[in-house]
Amino acid sequence: EHWAWNDIIGWINFFSTNSVLVTSQDIDGYADSSAGDISLNCATTRIGNICGKSNYRVTNDGSGNLSGWAWNDNYGWISFWCGNHGGCGVSNYRVYIDTATGQFHNFAWSDAAGWISFNCLNQGASFCTSTSDYKVVTSWTAVPAVGYIDSSIFDTGIAAGVQLNSVIWLGSQPAG
């Protein structure tokens, strides 16, 4: 569950470098392929931070919608969203992460290499087989911006009753 596919580059491995990290802001690290590294963030390449030479990154909007650019020395820029080009026009593409399953979906675009597929389901369910059931999966999940909590009744001790106007959380969030 760490493979993407391109007809020219072939398999792209998002696990073997042990460097790819998905956060609610961006994707760090680099994937490995027959064409060399595909760098997802200029600050986290195999040779270190190169943002002084070229400032790029693949971003996450916090809901799993990816945008921005990756880089490969042989094939150049890889776009994760058609809006990177100033408008989507004919090809409305965007790589996104299903926040329930962690699966990447859809295609990225390289002018030199063409479409990069992150999930065999992009081609239709019949395309996924026991020998070619590829996908990129992350353990990252979106954290809701708003939440609700139901609790037991809180007795204020005031017989006439009281209106609760706000609650302030003081504590720490457990892992996960």
With all protein chains present, the chain has a carbon and sulfur share of its accessible area (1.4 Å probe) in percent of 54
Loop-resident trypsin sites (Lys or Arg not before Pro) in the range 1-93 with no more than 13 other Cβ atoms inside 10 Å, DSSP not H/G/I/E/B, are Arg46, Lys53
Per-residue accessible area, 1.4 Å probe, largest first, puts Cys82, Cys128 in the order Cys128, Cys82
SASA check, Asp155, accessible area w/ 1.4 Å probe, all protein chains in place, rounded to nearest 10 Å², comes out at 120
The alpha-carbon pair-distance distribution computed for the chain, with 5 angstrom bins and whole-percent values, is 1, 7, 14, 19, 17, 12, 7, 5, 4, 4, 4, 3, 2, 1, 0, 0
Percent of all Cα-Cα pairs per 5 Å bin for the range 72-176, counting from 0 up to the last occupied bin, reads 2, 8, 12, 14, 13, 10, 7, 6, 7, 6, 5, 4, 3, 1, 0, 0
Residue-normalised value, i.e. accessible area per residue, for the chain at 1.4 Å probe, in Å², stands at 63
Relative to the compact-globule estimate 2.2 N^0.38 Å (N residues), the Cα gyration radius of the range 37-120 stands at a ratio of 1.09
For Gln103, the residues 5 or more places away or on another chain with a placed amide H closer than 5 Å to its own amide H are Asp98, Thr138
Residue-ordered couplings for the range 8-25, obtained by feeding phi - 60° into the Karplus form 6.51 cos²θ - 1.76 cosθ + 1.60 and rounding to whole Hz (Gly and Pro as x), are 9, 6, x, 6, 10, 9, 8, 10, 4, 7, 6, 10, 7, 10, 9, 10, 6, 10
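The values are calculated or read from the model by the stated rules, or taken from the named source; none is laboratory data. Every value quoted in this text rests on a predicted model; they were computed, and no experiment measured them. Cβ sites come from the backbone with ideal geometry, for glycine too, and all protein chains shown count toward neighbours. Accessible surface is based on the protein model in full, side chains and every heavy atom, while ligands, DNA and RNA are left aside. Shrake-Rupley method; radii C 1.70, N 1.55, O 1.52, S 1.80 Å.
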